[in-house]
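Asker: This structure is in structure tokens; I'll ask about it shortly.
The values are calculated or read from the model by the stated rules, or taken from the named source; none is laboratory data. In this text, all values refer to a predicted model and were calculated from it rather than measured experimentally. Cβ sites come from the backbone with ideal geometry, for glycine too, and all protein chains shown count toward neighbours.
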Amino acid sequence: MLPTRLGYPMNNSYDVIVVGAGPAGSTAARYAAAGGASVLMLEKDRDVGYPVRCGEAVSHEGVIQFIEPDPKWIASTVRRFRIIAPDGSSVIPRLDGIGYVLERRIFDYEVAKLAAREGAEVVTKAYVYDLIKNNGAAEGVKVIIKDQKVEIRAKVVIGADGVESRVGKWAGIDTTCHIGDMESCAQVTLTGINVEDDILDFYLGDEVAPGGYLWIFPKGKDSANIGLGVSVEKAKQKAAIKFLEEFIEKRFPTAATLTRIAGGVPCAKTCDEIVKNNVMLVGDAAHQVNPMTGGGIITGMIGGMIAGQVAAEAVQKNDLRYLFQYEKRWHKRLGWRHEVFYNIKEATEKLDDQTLNMLCKEAIKLPEEKRTIGGIFRTALWNQPSMLLDVARVFIS
Ligand SMILES: Cc1cc2nc3c(=O)[nH]c(=O)nc-3n(C[C@H](O)[C@H](O)[C@H](O)COP(=O)(O)OP(=O)(O)OC[C@H]3O[C@@H](n4cnc5c(N)ncnc54)[C@H](O)[C@@H]3O)c2cc1C
């Protein structure tokens, strides 16, 4: 029997249980509930949206698929981005759309509210520690809510439990991220600095962020998220936080630090399986991050939306084999693109500082109307034809 106090689920059994209330989980819960399923979302932390482990940058086009932009969760509106080569030269590509640096603790909270508005139940301080299984197939979850062990049944379990996902492993899905694809990240939020509040800065090069990049994402004119990702291989020689501290000592020696975080980003292709044994994986848990940029908020929400819709349809049809539609729809919508981005990442990672400097100079020479991401990429291919092979691999493999 479930305790009947506030903060516990209202029922012993649901159509869909979502584990994790990040953007991917909340979106899965929202669309499953909108599709008519009874939904419970369980979050281990006390508060949805906190702690924040993110640079918080998203595109306007990405966000508006799910929620109307609202000043209460927008720290900065950005209209440009700048790529800074190892020798300090920089290029500002033409950007047609705009983007935002979020206040994710408010954003995640609002996204969870959308799920609740569709009828999903949300319970925090609920740590899922295993699946209830019958012949390998999930039939619910085992969860500790306020120190009490509880079993809750469900037809479908959606694992939205982030980069360290365990739901997938419990279901027999191989969620291991190859060490070469894992970026080790460190970030601080600084204040008392001077930044342009409408531009995202990306620093490249072995000195600042080998095998990755360093970012400065403004939160107003006097604060910013400053972080970097380096390949785990490089981080073995020198930790990501060391690279970051050296940069900050040079650039912002007197700044005050508001937050410090570290975390991994799976810059990989989507897991080979994202549906198994009545379990679906979404977001970081399924490696749905854009492998080139490391951005996973919107892509995880897209994965969550598709999974939620398919879960509700499968429940309506009373046919859980239908869950495999999610794999098909995900790959058609974004999975195939991530394979292309993955190969571009593989190719660009090999570029040394000298080549990056040269490419930046070539990009600066482009007339403004051609100085788009596509234009710069074409210039890179022209100057570095070996990259073409890496990109083409996805179409011929
Ligand atoms: C340093 C850094 C910077 C980043 N910058 C950006 C950026 O600028 N833009 C961008 O788009 N992406 C960025 N990302 C990636 C982005 O943060 C993730 O892709 C995104 O948060 C994934 O969302 P999610 O819902 O899959 O997982 P998460 O946001 O990680 O949410 C998972 C949730 O599951 C909960 N949970 C985990 N285990 C359990 C359990 N057993 N029981 C119950 N609940 C559980 C967690 O508490 C958490 O709330 C960055 C990542 C890092 C590390």
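Asker: Can you confirm whether residue 322 is assigned by TED's automatic domain parsing to the domain that holds residue 295, of a type outside the set (A, V, I, L, M, F, W, C), closer than 17 Å to residue 273 by Cβ and within 25 Å of the chain's Cα centre (by Cα)? Explain how you work it out, then say what you get.
Answerer: Working: assigned by TED's automatic domain parsing to the domain that holds residue 295: yes; of a type outside the set (A, V, I, L, M, F, W, C): yes; closer than 17 Å to residue 273 by Cβ: yes; within 25 Å of the chain's Cα centre (by Cα): no.
So residue 322 fails the test.
Asker: Separate question: Restricted to region 71-83, and to residues that are at pLDDT 95 or above and touching a helix residue (DSSP H, G or I) at 6+ places or on another chain (Cβ under 8 Å), which residue is surrounded by the most Cβ atoms within 10 Å (Cβ to Cβ)?
Answerer: 73
Asker: Any residue that is of a type in the set (D, E, K, R), within 11 Å of the ligand (Cβ to nearest atom) and over 21 Å from residue 189 (Cα atoms) - is there at least one of those in region 70-89?
Answerer: Initially, region 70-89 is screened for residues of a type in the set (D, E, K, R), giving 70, 72, 79-80, 82, 87.
With within 11 Å of the ligand (Cβ to nearest atom) added as a condition, the list becomes none.
No: zero hits.
Asker: For region 1-59, which residues satisfy the criterion of being assigned to a helix (DSSP H, G or I) and more than 10 Å from the ligand (Cβ to nearest atom)?
Answerer: Narrowing region 1-59 to residues assigned to a helix (DSSP H, G or I): 23-34.
Those that are assigned to a helix (DSSP H, G or I) and more than 10 Å from the ligand (Cβ to nearest atom): 29, 30, 31, 32, 33, 34.
Asker: Which numbered condition in (1) crowded, with 18+ Cβ neighbours inside 10 Å; (2) away from the ligand (no atom under 15 Å from the Cβ); (3) outside the structural domain of residue 293 (by TED's automatic domain parsing) is the only one that residue 95 fails?
Answerer: (1)
Asker: Residues being small (Gly, Ala, Ser), under 28 Å from the mean Cα position of the chain (by Cα) and not in a strand (DSSP E or B): count how many of those fall in region 115-154. It would help to see each step written out before you state the result.
Answerer: Going through region 115-154, the residues small (Gly, Ala, Ser) turn out to be 115-116, 119-120, 126, 136-138, 140, 154.
Subset that is under 28 Å from the mean Cα position of the chain (by Cα): 115-116, 119-120, 126, 137-138, 140, 154.
Filter once more, keeping what is not in a strand (DSSP E or B): 115-116, 119-120.
So the count comes out to 4.
Asker: Among the residues of region 342-357, is there at least one that is assigned to a helix (DSSP H, G or I), surrounded by fewer than 17 Cβ atoms within 10 Å (Cβ to Cβ) and acidic (Asp, Glu)?
Answerer: Yes, region 342-357 contains a residue that is assigned to a helix (DSSP H, G or I), surrounded by fewer than 17 Cβ atoms within 10 Å (Cβ to Cβ) and acidic (Asp, Glu).
Asker: Further, regarding this structure: Given the conditions (1) surrounded by fewer than 19 Cβ atoms within 10 Å (Cβ to Cβ); (2) touching a residue at least 40 places away in the same chain (Cβ under 8 Å); (3) in the same structural domain as residue 44 (by TED's automatic domain parsing), and given that residue 90 satisfies all but one, which numbered condition is not satisfied?
Answerer: It is condition (3) that residue 90 fails.
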